[in-house]
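The values are calculated or read from the model by the stated rules, or taken from the named source; none is laboratory data. Note that the structure is predicted; figures quoted are calculated from it, not measured. Every residue, glycine as well, gets a Cβ built from its backbone with ideal geometry; the counts of neighbours run over all protein chains shown.
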Amino acid sequence: MRSVSVVVPVFNEEGNVGELHREIREVCQTNGYTYEIIFVDDGSTDKTAEICKTLKPLTYIRLRRNFGQTAAMDAGIKAAQYDYIVTMDGDRQNDPADIPQMIDYLEENHLDVVSGWRKNRKDSLMKRFTSRGANLLRHMIVHDGIHDSGCSLKVYRRECFAGMNLYGEQHRFIPALLKIKGFKIGEVVVNHRPRTSGKTKYNWKRTIKGFVDMISVWFWNKFASRPLHLLGGAGLGFIGLGFICGIWSIVLFMQGRKMSNNIFPPLLTVFFVIIGVLLFVFGLMSEIMMKTYYGTHVDSPYSIKETIVNE
């Protein structure tokens, strides 16, 4: 028998949580799953908390303030108990009816993660344009092999999250982070529904944060274990430029030119050498910091106010 934990971050979704809970419950019961539904309230200021406390069965986790969707998802994932962890948005645009086909696809293809692909999106033109631009950029930088990393509807095997902590807007890049670790990723076209209640939480600030986190994932993929390869390599490159400028300065001096009239080459020599040495030193320091990171526990970036289990 399949056991499923459905994790849903919610923020000011009083018009959606009740119906979404009903849909998830019906899908799980119809398919005979052993299941739990986890709603993580990311500091809602409307009636979301009141409604959630009346729903059964439900594990309701309330954060002390609005920490962001990634933090809420991380809290829910850490509370999940079952073999499969399903994540989805709380605005009802993800369809719980897609969960069984995603689990089937995961098992049939021996995958660790199946991501939803909102091929026919029901969002505004501007949101679709922004999302497609972000997906194109992500494909160029991250190479996670999926079309729609922004889709929150995903199915994971529980072992995917062993030792993982999520920060910033990294919930969009979980498949990329897992692929780096060697997990197998797949994708299924899913239904995407128009928002019928509440307001979208996406804005230009989240887009910028997502881009910054994309660069972080790229760095983690390429240089997390050896940051000296990036910073040290760049440092050696600058030192090399300084060496070339130094030769240029010597040639000018030997030609009898007054250095007071040709100050530019010596200045470039000093500049490039100093920058190169600093980058190399930063690379060594980063190497030490990464080894420290891998050997220590990382503190949680959020705080849980209460957890209520309605059976």
*Is there a residue in the range 80-87 that is farther than 12 Å from Val17 by Cβ, among the aliphatic types (A, V, I, L, M) and in a loop (DSSP other than H, G, I, E, B)?*
yes
*Within the range 244-264, restricting attention to residues that are in contact with a helix residue (DSSP H, G or I) (Cβ under 8 Å, 6 or more places away or on another chain) and among the aromatic types (Phe, Trp, Tyr), which residue is nearest to Val281 (Cα to Cα)?*
Trp248
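Can you tell me which residue within the range 96-114, out of those that are of a type in the set (A, V, I, L, M) and farther than 14 Å from Arg157 by Cβ, is farthest from the chain's Cα centre (by Cα)? Give the steps one after another, and end with the answer.
From the range 96-114, those of a type in the set (A, V, I, L, M) are 97, 99, 102-103, 106, 111, 113-114; that's our starting set.
In the following step, the residues that additionally are farther than 14 Å from Arg157 by Cβ were identified as 97, 99.
Values: Ala97: 25, Ile99: 21 Å.
So, considering only residues that are of a type in the set (A, V, I, L, M) and farther than 14 Å from Arg157 by Cβ, the one farthest from the chain's Cα centre (by Cα) is Ala97.
Can you name every residue in the range 45-77 that is assigned to a loop (DSSP other than H, G, I, E, B) and not charged (D, E, K, R)?
Those that are assigned to a loop (DSSP other than H, G, I, E, B) and not charged (D, E, K, R): Thr45, Thr54, Leu55, Pro57, Asn66, Phe67, Gly68.
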*asked:* Can you tell me which condition Lys122 does not meet? The list is (1) modelled with pLDDT of 80 or more; (2) assigned to a loop (DSSP other than H, G, I, E, B), and all the others hold.
replied: (1)
*If you check Asn310, Asn261, which single one turns out to be modelled with pLDDT of 75 or more and exposed (fewer than 14 other Cβ atoms within 10 Å of the Cβ)?*
Asn310
_Can you say whether Val298 is of a type outside the set (S, T, N, Q) and either assigned to a helix (DSSP H, G or I) or modelled with pLDDT of 85 or more (or both), as far as the supplied structure shows?_
no
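For every residue, the table says whether it meets (1) at negative phi; (2) in a strand (DSSP E or B); (3) assigned by TED's automatic domain parsing to the domain that holds Val113.
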| position | (1), (2), (3) |
| --- | --- |
| Asn12 | no, no, yes |
| Glu19 | yes, no, yes |
| Glu36 | yes, yes, yes |
| Gly43 | no, no, yes |
*asked:* Let me confirm something: among Ile288, Ile247, which residue is assigned to a helix (DSSP H, G or I) and at pLDDT 85 or above?
replied: Ile247
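Gly240: in a helix (DSSP H, G or I), of a type outside the set (S, T, N, Q) and at pLDDT 85 or above, yes or no?
Here the answer is yes, as Gly240 does meet what is asked.
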*Write out, first by first residue and then by second, each pair whose Cβ atoms fall under 9 Å of each other, whose residues are 6+ apart or on separate chains, and whose first residue, in the range 159-174, is closer than 24 Å to Tyr82 by Cβ while the second is part of a loop (DSSP other than H, G, I, E, B) and of a type in the set (Lys, Arg).*
Cys160/Lys181; Met164/Lys181
_Out of Ser5, Ser44, I need the residue that is within 26 Å of the chain's Cα centre (by Cα) and free of Cβ contacts under 8 Å to residues at least 40 places away in the same chain. Which one?_
Ser44
_So if I check each of Arg2, Arg92, Arg64, Arg22, which one is more than 30 Å from Lys119 (Cβ to Cβ), surrounded by fewer than 23 Cβ atoms within 10 Å (Cβ to Cβ) and of a type in the set (D, E, K, R)?_
Arg64
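Within the range 36-73, restricting attention to residues that are in contact with a Cys (Cβ under 7 Å, 6 or more places away or on another chain) and not hydroxyl-bearing (Ser, Thr, Tyr), which residue is farthest from His21 (Cα to Cα)?
Our first condition is that a residue be in contact with a Cys (Cβ under 7 Å, 6 or more places away or on another chain); within the range 36-73, this holds for 39, 41, 58, 60.
Adding the requirement that they be not hydroxyl-bearing (Ser, Thr, Tyr) leaves 39, 41, 58.
Values: Phe39: 9, Asp41: 14, Leu58: 8 Å.
Out of the qualifying residues, it is Asp41.
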